[in-house]
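Undergrad: Before anything else, here's the structure in question.
No value in this document is a laboratory result; all are computed from the given coordinates. What you see is a predicted model; the values in this text were computed from it and never measured. Cβ placement follows ideal geometry from the backbone for every residue including glycine, while neighbour counts extend to all protein chains displayed.
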Amino acid sequence: MNRRYKGVFPVVPTTFTETGELDLASQKRCVDFMIDAGSDGLCILANFSEQFVLSDDDRELLTRSILEHVAGRVPVIVTTTHFGTRVCAERSRRAQDMGAAMVMVMPPYHGATIRVSETQVHEFYSRLSDALDIPIMVQDAPVAGTPMSAAFLARLARETARVRYFKIETPGAASKLRELIALGGDAIEGPWDGEEAITLWPDLEAGATGAMTGGAYPDGIRSILDAWTAGRHDEAFQAYARWLPLINCENRQGGILSAKALMKEGGVIECEAPRHPFPAMHPAVRAGLIATARRLDPLVLRWGR
């Protein structure tokens, strides 16, 4: 199969000043670092980009600024999730027109309780597919609170022209990936791992061809995927075991702010603060994150020095 996109596509964090304004100078350095660190592509405006604190104007400015700055060096996935079908389609078309390689979209949800039926989810992605010329990645993540079976996702791939990529972040991700690939066949162009690569090894064994991780150490994740893709599975396992403590720190401890903390420590960005009311990382958690990273010497701690 011709898999247009595969490899490591980390999420780009959104950089703010201490007072919560967008810091575009830091944003561009962040992108340059992530490309220099070996990213096969990038994803912007995702949950780990703090998309939930961005205005529509922020989204437009960030999408245009980042795509123009990347200037085709790597493909960029733009997250365009919205509950409204029309709004999501319009967001996605604008991203496509600006040069996005793909859009990533969660199923429609709002708050803790507003969901739609499987039939409506299918129609949502079908209409989105009709509006675009670029691939769509379905983000299957618990935050949406919308269960989507492997059989349903495979049907989406078979019945819609653009839905070809799937980022699986639900419990038992490897089993779901394996079932999705078996049911969807050639319609599943991109079965991808997510959730900061905490389940990357079993997901690769299940057939994952891409990984959407945190943005601070694509060099570490590349060492795993490159060895795996070349068939050097023992080497890949050793690399996974080496980087797993830092992956665990990000996924289970530092969370969304981990990439910015590491980038600030290494001089890539000026400020690691989130936008209010999202809380800052606890100093002890940050110290543990940095100490774990120093044992591995990722490029992020050296790139800006």
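Undergrad: Would you calculate the separation in nanometres between label points at Ala112 and Val53, each defined as 7 Å from the Cα along the Cα-to-beta-carbon direction?
TA: Here the answer is 2.2 nm between the modelled labels.
Undergrad: How fast does segment 24-159 diffuse by Stokes-Einstein, in µm²/s, taking the Kirkwood radius from C-alpha pairs at 25 °C and 0.890 mPa s?
TA: For these conditions, the coefficient is 157 µm²/s.
Undergrad: Compute log10 of I(q)/I(0) for the chain with the Debye formula, placing one identical point scatterer on every Cα and leaving out solvent, at q = 0.07, 0.10 Å⁻¹, to two decimals.
TA: Log10 I(q)/I(0), no solvent term: -0.24, -0.51.
Undergrad: Another question about this same structure. In the chain, with Lys and Arg counted as +1 and Asp and Glu as -1 at Cβ, which of these residues, Gly41, Met212, Asn2, has the Cα nearest the positive end of the dipole, that is, farthest along it?
TA: Positive-end residue among those listed: Asn2.
Undergrad: Another one. What is the spin-label model distance, in nm, from Asp36 to Thr19 if the labels are put 7 Å beyond Cα along the C-beta direction?
TA: A separation of 2.9 nm, rounded to one decimal place.
Undergrad: If the cut-off is a Cα-Cα distance under 12 Å, which aspartates and glutamates reach Lys264, setting aside same-chain residues fewer than 8 apart in sequence?
TA: Glu272
Undergrad: Counting only C-alpha contacts under 8 Å and six or more residues apart, can you give the relative contact order of the chain as a whole percent?
TA: 20
Undergrad: Per Stokes-Einstein, at 37 °C and 0.692 mPa s, what whole-number D in µm² s⁻¹ belongs to segment 190-305, with the Kirkwood radius over Cα pairs as the hydrodynamic radius?
TA: 224
Undergrad: Which three extents, in angstrom, do the Cα atoms of segment 137-238 have along their principal axes, listed largest first?
TA: Principal-axis extents of the Cα atoms in segment 137-238, largest first: 38, 28, 22 Å.
Undergrad: Given a Förster distance of 30 angstrom, what is the FRET efficiency for Arg4 paired with His69, based on the Cβ-Cβ distance and rounded to 0.05?
TA: Computed FRET efficiency for Arg4 and His69: 0.85.
Undergrad: A further question follows. Semi-axes of segment 121-178's equivalent ellipsoid from the Cα gyration tensor, sqrt of 5 times each eigenvalue, largest first, rounded to whole Å?
TA: Taking √(5λ) for each Cα gyration eigenvalue gives 20, 11, 10 Å.
Undergrad: Separation between the Glu205 and Arg294 pseudo-spin-labels, each 7 Å from Cα along Cα→Cβ, expressed in nm?
TA: 3.5
Undergrad: Multiply the residue separation of Glu90 and Ala230 by 0.36 nm, subtract the distance between their alpha-carbon atoms, and state the gained length in nm to one decimal.
TA: The span from Glu90 to Ala230 would gain 46.4 nm if fully extended.
Undergrad: Highest mean first, what order results for 147-155, 10-18, 112-120 on Cβ atoms within 10 Å?
TA: Result, highest mean first: 10-18, 147-155, 112-120.
Undergrad: Straight-line reach from Lys176: which lysines fall under 22 Å, measuring Cα to Cα and dropping same-chain residues less than 8 apart?
TA: Filter leaves Lys6, Lys167.
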